[in-house]
Amino acid sequence: MSEPMYDLVAIGNALVDVLAHASEEFVAEQDKAHGMKKGTMSLIDEPRAVQLYAAMDSGVESSGGSAGNTMAGFASFGGKGAYIGKVADDQLGEVYRHDMKAQGVSHETVPLAIGAPTGRCLILVTPDGQRTMNTFLGASVELGPDDIDANLVASAHITYLEGYLYDQEQAKQAFRKAGQIAHDAGHKVSLTLSDPFCVDRHRADFADLVEQHVDILFANEDEIKSLYEVDTFEQAAKIVAGKCEIAALTCSDKGSVIVTGDQFIEIPAQKADVIDTTGAGDQYAAGFLYGYTQEMDLRMCGALGTLAATEVIAHMGPRPEIKYADLIEKAKAA
């Protein structure tokens with residue numbers, strides 16, 4: 001096993017998020033006209049992105065993308081990380097690269113010189129804090145095997161894969177390449193299922209990935225039930241127990257369960273005033289993976305994930321507004 005230079009390297013869609021408040025009526029109208037399903041992520045094309053952006057209330061723009069958000073949280077804890085994600089050689093792409101580096105995350109993926117602009121995710125946040133995401137992938141769809149830096153992946157304790165990226169064939173090839181490199185180096189591979197609709201699209205592939213290639217799985221209640229096509233969280237948790245080394249399963253205000261072997265470790269939720277649930281799962285993964293890479297026990301990993309997720313849902317935006325390193329002592333005292 002080679003000695004890791006990085007704690008974590010993540011591979012995902014590099015997107016700029018545009019978050020805006022929206023009424024239930026607006027989301028319902030968009031569902032009727034365009035099939036926008038509340039609380040999920042839909043892929044849209046560039047004309048639809050332009051149309052929706054014009055119809056939205058003024059919003060907050062920030063660098064995002066699920067795995068990118070996780071890396072920002074991971075760095076906030078003090079973890080050493082790198083990110084592989086494709087942006088265009090344009091203004092938004094430059095902003096994205098600058099943001100990642102400013103947060104202490106290495107991001108050296110070569111930008112797309114010709115073609116689609118940097119991708120963006122238009123996020124509508126309803127009064128209940130639910131986020132409905134509409135994603136124009138843009139340049140991020142061009143990420144492929146050639147963008148996987150073998151030395152970088154081999155130098156990371158954990159390689160973290162974003163399920164959203166799996167919608168593109170060349171991204172699947174990139175996943176397989178990265179996973180093989182990580183395991184050949186004696187390191188771990190982690191996957192987040194990202195969204196129940198994403199699971200619906202790739203159920204067989206994801207099930208195979210989890211069983212054959214993934215060491216640490218992240219999923220919420222709807223995603224894990226969709227993966228195994230069962231009615232209850234308890235059924236899904238029992239099934240996944242035999243599929244991978246560790247599964248960290250979140251259940252919104254019911255907390256989370258960490259499944260490893262025959263152990264089911266319950267992590268209670270923390271009270272929070274929910275403003276925007278965007279990034280909750282991303283930040284849970286950030287806290288958990290930071291704890292894991294620092295050789296903390298699984299209960300502590302889950303506690304860090306819970307505290308990070310609780311912080312991010314209390315404000316607009318998917319990235320931390322405080323230094324997550326300050327949460328470590330709080331988790332130890334809990």
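Tabulated values for the structure
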{"quantity": "Nonlocal amide H pairs with V87, under 5 Å, H built at 1.01 Å", "calculated": "L112"}
{"quantity": "The stretch 144-167 and the stretch 44-111: distance between their alpha carbon centers, rounded to Å", "calculated": "17 Å"}
{"quantity": "Percent RCO, i.e. relative contact order, over the chain, from Cα pairs under 8 Å lying at least 6 residues apart", "calculated": "18 percent"}
{"quantity": "Residue-averaged [θ]222 nm for the chain, counting only DSSP H segments that reach four residues, each worth -39500 (n - 2.57)", "calculated": "-12000 deg cm²/dmol"}
{"quantity": "Point-charge dipole on Cβ atoms (K/R +1, D/E -1) for the stretch 2-52, about Cα centre, debye to 20", "calculated": "220 debye"}
{"quantity": "Gaussian network model of the chain, Cα within-10 Å springs - most flexible of Y83, Y228, Y284", "calculated": "Y228"}
{"quantity": "Calculated P(r) tail over 17 Å for the stretch 292-334, as whole % of Cα pairs", "calculated": "30 percent"}
{"quantity": "Distant-in-sequence amide H partners of H315 (H built 1.01 Å from N, under 5 Å)", "calculated": "I275, D276"}
{"quantity": "For the chain, convex hull volume per residue from C-alpha positions, Å³", "calculated": "122 Å³"}
{"quantity": "Spacing of the two label points (7 Å from each Cα toward its C-beta) at D326 and A272, in nm", "calculated": "1.6 nm"}
{"quantity": "Charge tally in the Cβ shell below 12 Å around H107, where Lys, Arg are +1 and Asp, Glu are -1, H107 excluded", "calculated": "-2"}
{"quantity": "Pairwise Cα inverse-distance average, inverted: Kirkwood Rh of the stretch 182-334 (Å)", "calculated": "15.6 Å"}
{"quantity": "Exposure proxy order (Cβ contacts within 10 Å, fewest to most) of H187, H98", "calculated": "H98, H187"}
{"quantity": "Of Q173, T109, A156, farthest towards positive along the dipole that unit charges on Lys, Arg, Asp, Glu beta carbons give the stretch 6-333", "calculated": "A156"}
{"quantity": "Pairwise label distance in nanometres, F264 with T232, each label 7 Å out on the Cα-Cβ vector", "calculated": "0.9 nm"}
{"quantity": "Under Karplus coefficients 6.51, -1.76 and 1.60, residue-wise ³J(HN,Hα) of the stretch 243-257 in Hz, glycine/proline x", "calculated": "9, 8, 5, 9, 10, 9, 10, 9, 9, 6, 6, 8, x, 9, 10"}
{"quantity": "Extension gain, A150 back to R201 (0.36 nm per residue minus Cα-Cα distance, nm)", "calculated": "15.5 nm"}
{"quantity": "³J(HN,Hα), Karplus 6.51/-1.76/1.60, whole Hz, each residue of the stretch 121-128, x for Gly, Pro", "calculated": "10, 8, 10, 9, 10, 7, x, 7"}
{"quantity": "Placed amide H near I44: partners under 5 Å, 5+ positions off or other chain", "calculated": "T135, F136, L137"}
{"quantity": "Phi-based couplings in Hz for the stretch 148-154 (Karplus 6.51, -1.76, 1.60; Gly and Pro marked x)", "calculated": "7, 7, 4, 5, 5, 4, 5"}
{"quantity": "Most mobile of E211, E142, E162 in a GNM of the chain (Cα contacts under 10 Å)", "calculated": "E211"}
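Coordinate-derived values only; no laboratory data. Because the structure is a prediction, the values reported are computed rather than measured. Ideal geometry is used to build each Cβ from the backbone, glycine not excepted, and the neighbour counts take in all protein chains shown.
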